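Okay, structure first, notes after.
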Amino acid sequence: MKSTHVLRKSFYLILVLTFLLAGCSSGSKNTGSESSSSGDSGSEVVELRLGHIATETNPYHLLAQEFKKLVEERTDGKVQIKLFPNGQLGQERELIEALTFGNLDLAVITSSPVSNFVPEFGVLDIPYLFEDWEHVERFIDADVSKKLLKETEKVGIETFAFVPRGFRSVTNNDHPVKTPEDMKGLTLRVIESEVYLETINELGATATGMPWSDAYTAMQQGAIDGQENDYSINYTQNVFEVQKYLSLTEHIFAINTLMGSQQNLKKLPEDVQKIIAESAVEAAEKIAEHNLTEADVLRKALEDEGMVINEVDKEAFMKSVPKTQEKFSKKFGEEYFNEIKGL
């Protein structure tokens, strides 16, 4: 099994390398928060720091790397993006705080933790908001998406784009989950978000919020029974090593964002700000397409690693969360909820 895992990892890494060939340049001098705000470019190289919590084989990093490539090419190397994966600069709450204070220039962030700073973002986490990938794509292209992106400006963050990642489903090490009844007795790790906690609780399990950095060890030691996530996290973060069953509840759709510190980016010349914004949208579109096409590949990779993947009674699950849907549509904005639901 271990050799199969190595081969699978190597195969997936080859796919990833198509996004990484631009390489990382190390000739820059300044970080974004330290660079001159004069807009006088000269020969000085501006370095911007971008952080995220995932590994280098994860779509978080693919997005960061594609964005880096586009910005560096379009500024002729005068703007360099230095990447900090694997939570080197902190977990997502810390990264968001750093953006608001100007202590970090850029970040790839899951949309969910943003709701702790911008409540409206929580609408994206309401269970069974999205029917399928096509519904998510309609949302990305709609005016309501652009309106939601602007909500982070009130906390000093520029959010350039949403990046569809995939449906989140339940894993555990005890038994396949096929109906909400099968959720009873399970303790599952979720993102530290009120809507996630209440969703899993209403579905019948016991939810516990914890940072992702603690989740693997908690599953390995049996402190929790499982967690819920999309294919990419389950594979690239080696969840299959400590979890046997993946049940396709598909209760929430995972969405990433590419964000920047407004106060830091405003120090840059206007033409550079435009390049950053346009490159972010283009990178997001490319990785969104990658995430969709890779879903089947990742599912097979997880099965090859020994995970047992099963379908569930989706209708029963959808009918199990009326209180969560009602409560959080009111809390995060019924206008947003109804507009997205009706796309």
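The values are calculated or read from the model by the stated rules, or taken from the named source; none is laboratory data. Keep in mind the model is a prediction, meaning the values are calculated, not measured. Neighbour counts are summed over all protein chains in view; Cβ atoms, including those assigned to glycine, are modelled from backbone coordinates with ideal geometry.
Descriptive notes on the structure:
- Any hit, the range 121-129, residues being buried (at least 23 other Cβ atoms within 10 Å of the Cβ) and either without any contact (Cβ under 8 Å) to a residue 40 or more places away in the chain or not in a helix (DSSP H, G or I) (or both): yes
- When Thr152 is tested against (1) within 20 Å of Lys323 (Cα to Cα); (2) surrounded by 18 or more Cβ atoms within 10 Å (Cβ to Cβ); (3) β-branched (Val, Ile, Thr), just one condition goes unmet, and that condition is (1).
- Residue list for the range 210-260, restricted to those being more than 18 Å from the chain's Cα centre (by Cα), crowded, with 24+ Cβ neighbours inside 10 Å and in a strand (DSSP E or B): Gly226, Leu246, Ser247, Thr249
- The lone exception for Asn201 - which of (1) under 19 Å from Arg168 (Cα atoms); (2) in contact (Cβ under 8 Å) with a residue 12 or more places away in the chain; (3) not in a loop (DSSP other than H, G, I, E, B) it fails: (2)
- Some residue of the range 16-32 being crowded, with 20+ Cβ neighbours inside 10 Å, closer than 30 Å to Ser329 by Cβ and modelled with pLDDT under 95: no
- When Asp304 is tested against (1) touching a strand residue (DSSP E or B) at 6+ places or on another chain (Cβ under 8 Å); (2) under 29 Å from Asn58 (Cα atoms), exactly one condition is not met: (1).
- Criterion violated by Ala283 - all others in (1) touching a residue at least 60 places away in the same chain (Cβ under 8 Å); (2) within 30 Å of Lys178 (Cα to Cα) satisfied: (2)
- Scanning the range 175-194 for residues that are outside any helix (DSSP H, G or I) and either of a type outside the set (D, E, K, R) or at pLDDT below 95 (or both) yields a count of 12.
- Search result, residues across the range 110-137 that are more than 25 Å from Arg93 (Cα to Cα) and of a type outside the set (Phe, Trp, Tyr): Glu131, Asp132, Glu134, His135, Glu137
Yes/no per residue for (1) crowded, with 23+ Cβ neighbours inside 10 Å; (2) modelled with pLDDT of 95 or more; (3) of a type in the set (A, V, I, L, M, F, W, C):
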position	(1), (2), (3)
Pro119	no, no, no
Glu134	no, yes, no
Arg138	no, yes, no
Ser145	no, yes, no
Leu148	yes, yes, yes
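- Taken across the range 313-325, residues that are under 30 Å from Phe67 (Cα atoms), assigned to a helix (DSSP H, G or I) and free of Cβ contacts under 8 Å to residues at least 60 places away in the same chain do not occur at all.
- Residue list for the range 198-209, filter: under 24 Å from Val163 (Cβ atoms) and either surrounded by fewer than 22 Cβ atoms within 10 Å (Cβ to Cβ) or among the acidic types (Asp, Glu) (or both): Gly209
- Any chance Glu97 is out of contact with any Phe, Trp or Tyr (no Cβ under 9 Å at 6 or more places or on another chain), without any contact (Cβ under 8 Å) to a residue 24 or more places away in the chain, farther than 22 Å from Glu66 by Cβ and surrounded by fewer than 18 Cβ atoms within 10 Å (Cβ to Cβ): no
- Counted residues, the range 195-224 - those being modelled with pLDDT under 95, more than 13 Å from Thr324 (Cα to Cα) and among the aromatic types (Phe, Trp, Tyr): 1
- When each of Ala277, Ala284 is tested for being under 15 Å from the mean Cα position of the chain (by Cα), under 25 Å from Ile53 (Cα atoms) and modelled with pLDDT of 95 or more, the lone residue that passes is Ala284.
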